[in-house]
There are 4 protein chains.
Amino acid sequence: MSQAQRGRPRDAQIDERVLRAAAEQLLRRGYGGLSVDEVAEQAGVAKTTLYRRWPTKDHLAIAVVAHLQGEDDITDTGDIRRDLTDYMEKIAAALNRLRSAGRPSGRDDRSAGVVAELVAAGARHDDIGEMGRRNYARRNALAAGLIERARERGELRADLDPVILLDQLAGALYYRVLVTGAPVDRDYAERLVTTALGGAMAEAFGPLPPADRTDRSADRSPSQKGRS
Amino acid sequence: MSQAQRGRPRDAQIDERVLRAAAEQLLRRGYGGLSVDEVAEQAGVAKTTLYRRWPTKDHLAIAVVAHLQGEDDITDTGDIRRDLTDYMEKIAAALNRLRSAGRPSGRDDRSAGVVAELVAAGARHDDIGEMGRRNYARRNALAAGLIERARERGELRADLDPVILLDQLAGALYYRVLVTGAPVDRDYAERLVTTALGGAMAEAFGPLPPADRTDRSADRSPSQKGRS
Amino acid sequence: MSQAQRGRPRDAQIDERVLRAAAEQLLRRGYGGLSVDEVAEQAGVAKTTLYRRWPTKDHLAIAVVAHLQGEDDITDTGDIRRDLTDYMEKIAAALNRLRSAGRPSGRDDRSAGVVAELVAAGARHDDIGEMGRRNYARRNALAAGLIERARERGELRADLDPVILLDQLAGALYYRVLVTGAPVDRDYAERLVTTALGGAMAEAFGPLPPADRTDRSADRSPSQKGRS
Amino acid sequence: MSQAQRGRPRDAQIDERVLRAAAEQLLRRGYGGLSVDEVAEQAGVAKTTLYRRWPTKDHLAIAVVAHLQGEDDITDTGDIRRDLTDYMEKIAAALNRLRSAGRPSGRDDRSAGVVAELVAAGARHDDIGEMGRRNYARRNALAAGLIERARERGELRADLDPVILLDQLAGALYYRVLVTGAPVDRDYAERLVTTALGGAMAEAFGPLPPADRTDRSADRSPSQKGRS
DNA sequence: GAGTAAGCGAGACGGTACGTCGCGTCTTCGT
DNA sequence: ACGAAGACGCGACGTACCGTCTCGCTTACTC
């Protein structure tokens, strides 16, 4: 059936050890502080072994993050607003985790941190880029299914393009993290989904509630309690 | 008033020569192919001189791009949809210019290219990041003014948050370029604005036209003529 | 008596295949171009197998050369000058074969080539060195016998030390190949023996004949002012 | 006159520090124990700086030895036998110094040690080889002058080829060190010169004196039957 | 017009990390 | 045991590029 075993098999523990060591360095010291040499040493692994599995520091970093984030699946509760908000929040949480890596906690830096470097890694190596795009395609296809079903239920307008909607939602999060430095949190995710669905909800749902717009100027105040 | 002139003044031509040389390398060979040593040599300038003006390769790269892109101001024609679409298209054009740098022209690569590296540069150096954020804040403030005025004219719903709207619009573009690799073009800009304004238009405008949705699957076909 | 056969016997063809592959690489690309991994692959043999027979790349190289050169025995015709010249020429031929390995033919390079690396191999590993020394001791003992017999016949002076004579003869060849880069050929071998035997011949032979020195041009010593 | 000073001049102390550190490692641990990384560290110099001056470990090693040996000039006392013997002894001394490098002092190893590696270095890099050959050409030209003058004085036979004579003399030393592993010392140098000059001395000088052969025990040649 | 403060060209230097190379060992399965 | 296959450990090598420093020279402004 499967290919017969040829040669010495890869030591499964090595992945574990290396990724653990790399994760620690990446989170503690940021992307620039991640050194292949040190990772190898700390993991008790020869550099060549490491390079046999991850041909580049960038590949290693990507693997670390993929390993850290694990699987975040999308749930379908039947309430499209809630599901999308959850999805956005998951993305936001992941971004925030990476954003603050390598910086003294508390330090509310607006820098994109590791997130930007990972994106750049995708730009530097075609294979990483391709993998990332496949990954996003997969997740967005799931989310698109969500939207599709909601539309079929009549919750959303018939002419809605799920791809664009998702671009707008996820895009806003990435834009804030990578470009404007604005915070992304639960509250923002809610407002985002609300706004985006504003014109997408089927007419039956009528105009949106007026949404309390106090203190919108800074858009960073931590006390945005949100509204009904 | 200003500090009296001490010592030899800086040679004004140098900026020009260096930026030209750097731009060529950046566009021809991408970010990784941009080397300070080579730029200095090609520009006929000492590295010292170069570093006196741009303290870092990242700073130089940012300056190059800023110099290349020039000023793209936002116009207010009174037609909010058109103005926003124009704005988005300008952003898209700038992104596309950078995206393809360093790659064989025909090669329709989906990589984020230099864009990602610039974002990463902002993440590596706080001053670059801060400058970028200020820049975006300024431009978005202008765009927000556009939206505000449209709202006051009654074109848009009263409860619309301009910041979120802009996040969704610009965010979608960046998301596509940096994350999903999807193309951003005039057609996409139009559909994007249309979708985003869908629920934001005041009721008076009525439901959106059904919008021809043929061939939405690939979402990359170049011949998407769009509709009114 | 001898140990009973345990397990699978060694495949006799393997030596042949490996040595052939190694010889090709060694001759074509020189010592640095000889790689154990590649030899194994080209010979269709596992590295393990290879290392079971030759514990080191150096050992392999030595084996290759020994295999290439084969046996060069010393003949005793009764004419000491001729016999010694033949011996020297055999050595010279072997040196020349190795000297040019790894270099474009025709290219009259003066480098010592593989010869130097073999000598170094002997310096790196005591067993190789020991083997080489034993080998030379054996051959030189044969040659010393030649000299001894010639002396007993009265052809050579009674107080001649055969060891020193051989040092001078063979040494000159090695010196030229390894140190000065000068060529060693038939002509040189003749002149060498003639010169060395000059003072060693028994008086009865009288002064040496002027020795036809035509075509000494190949010898590149710049200060050859010629002699009477 | 000389080229105007361009750029920062090389720090002269660096050569000193590096060569000292390298010499220590080379002598203490042999050629294999010489590591560029460690030399750089021990000398307190960046590896790049080191590579800027010596492009290869081999080049560094050669420089170390050249620096260690210093200038050994050839003296002309008018007594050709003595002068040649002195020259040979100087060569022998230099060889012996290198031969024992990296080995416990008492250990009378017969290995060629560092000498072989230096010769190999010359074979690996054409520029090193060329330099070595030039160096030997220069020294041998001086020695050839010695011989020439002796011949003109009538001390040596008119038809003697100085190049061959020197090949035989120096060659014997190198041959012993690199090939047979026999020792080279003052005594051997004397016997060597005596033998070589045996037939080269002008007839007027008559047969050679029997040459005191005390303490030949160090010479390990197995077939030393002695002579009349 | 001498002094001086800076700019500039050239290139050495320090530093860090990277990725590579090749060797020789070890582990697995199959013969 | 041998053999094929290939992972692993190890050590060093040479490189790339960055950003700093040290020269000598030049250009202005200042006194």
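The values are calculated or read from the model by the stated rules, or taken from the named source; none is laboratory data. What you see is a predicted model; the values in this text were computed from it and never measured. Ideal geometry is used to build each Cβ from the backbone, glycine not excepted, and the neighbour counts take in all protein chains shown. These accessible areas exclude ligands, DNA and RNA; they are computed on the full protein's heavy atoms, side chains included. Shrake-Rupley method; radii C 1.70, N 1.55, O 1.52, S 1.80 Å.
State which entries of A:47/B:57; D:47/D:90; A:57/C:47; B:47/D:47 exceed 32 angstrom in Cα-Cα distance in the structure shown. List each step's numbers first, then the result.
Values: A:47/B:57 29 Å; D:47/D:90 35 Å; A:57/C:47 30 Å; B:47/D:47 21 Å.
Pairs exceeding the cut-off: D:47/D:90.
Using a Förster radius of 30 Å, what is the FRET efficiency between residue C:142 and residue C:186 based on their Cβ-Cβ separation? Nearest 0.05, please. Write down the numbers at each step before the final one.
Numbers: r = 21 Å, r/R0 = 0.70.
Taking R0 as 30 Å, the efficiency between residue C:142 and residue C:186 is 0.90.
Which parts of the stretch D:5-38 would a label at residue D:53 reach, counting a residue when its backbone N lies under 17 Å from a point 7 Å out along Cα-to-Cβ?
Residues passing the 17 Å test: D:8-26, D:35-38.
How much of residue D:125 can a 1.4 Å solvent probe reach, expressed as accessible area in Å² and rounded to 10?
Approximately 40 Å² for this residue.
Amide H to amide H under 5 Å from residue B:156: which residues, 5+ apart in sequence or cross-chain, H placed 1.01 Å off N in plane?
Amide H neighbours of residue B:156: B:151, B:202.
Could you give the nm distance between label points at residue D:68 and residue B:13, where each point is 7 Å from its Cα heading toward the beta carbon?
5.5
Report the FRET efficiency, 1/(1 + (r/R0)^6), for residue B:75 and residue B:134, where r is their Cβ-Cβ distance and R0 is 30 Å, rounded to 0.05. Walk me through the numbers on the way to the answer.
Values: r = 22 Å, r/R0 = 0.73.
Approximately 0.85, to the nearest 0.05.
Distances from residue C:67 to the same residue in each other copy, label points 7 Å out along Cα→Cβ, in nm, shortest first?
Label-point distances to the other copies, shortest first: 4.3, 4.4, 6.3 nm.
Return the carbon/sulfur percentage of the accessible area of the stretch C:13-68, one whole number, probe 1.4 Å, all protein chains in place. Show your work: numbers first, answer last.
Details: 1380 of 2760 Å².
So the carbon and sulfur contribution to the accessible surface is 50 percent.
How far apart, in nm, are the 7 Å Cα→Cβ label points at residue A:93 and residue B:28?
The modelled label-to-label distance comes out at 5.0 nm.
For the stretch A:49-61, in order, what is each residue's ³J(HN,Hα) by Karplus, 6.51 cos²θ - 1.76 cosθ + 1.60 with θ = phi - 60°, in whole Hz (x at glycine and Pro)?
With the stated coefficients, the stretch A:49-61 comes to 4, 4, 5, 5, 9, 10, x, 7, 4, 4, 4, 4, 4 Hz.
Once the whole set of protein chains is in place, how much accessible area is left on residue C:136, using a 1.4 Å probe, in Å² to the nearest 10?
Accessible area of residue C:136: about 40 Å².
Chain pair C, D: how much accessible area is buried, both chains summed, with a 1.4 Å probe, in Å² to 100? All intermediate terms of the calculation are to be shown ahead of the outcome.
Numbers: alone 13370 and 13360 Å², together 22220 Å².
About 4500 Å² of accessible surface is lost on pairing.
By its C-alpha gyration tensor, with a ≥ b ≥ c as the square roots of the eigenvalues, how is the stretch C:13-68 shaped: rounded for a/c under 1.5, else prolate for a/b larger than b/c, else oblate?
On the way: a/c = 1.38, a/b = 1.28, b/c = 1.08.
Rounded shape, in that the Cα axes give a/c under 1.5.
If you put a point 7 Å past Cα along the Cβ direction, how far is that point for residue B:9 from the same point in each other copy, in nm, smallest first?
Here the equivalent label points are 3.6, 7.6, 9.5 nm apart from this one.
Hey, what do the phi angles of the stretch A:182-192 turn into as Karplus ³J(HN,Hα) couplings, whole Hz, using 6.51/-1.76/1.60 and θ = phi - 60°, x for Gly and Pro?
Going residue by residue, I get 6, x, 10, 9, 3, 4, 5, 4, 5, 4, 4 Hz, with x marking Gly and Pro.
What accessible area per residue comes out for the stretch A:133-192, rounded to a whole number of Å², with a 1.4 Å probe? Each step should come with its number before you reach the end.
Values: 1900 Å² over 60 residues.
It amounts to 32 Å² per residue over the stretch A:133-192.
Taking the Cα centre of the stretch B:71-205 as origin, work out the dipole magnitude from +1 charges on Lys and Arg Cβ and -1 charges on Asp and Glu Cβ, in debye rounded to 20. Each step should come with its number before you reach the end.
Values: 20 positive and 24 negative charges, 87 e Å.
So the magnitude is around 420 debye.
Loop-only check: which trypsin sites (Lys or Arg not before Pro) in the stretch C:107-164 are DSSP coil with at most 13 other Cβ within 10 angstrom?
C:107
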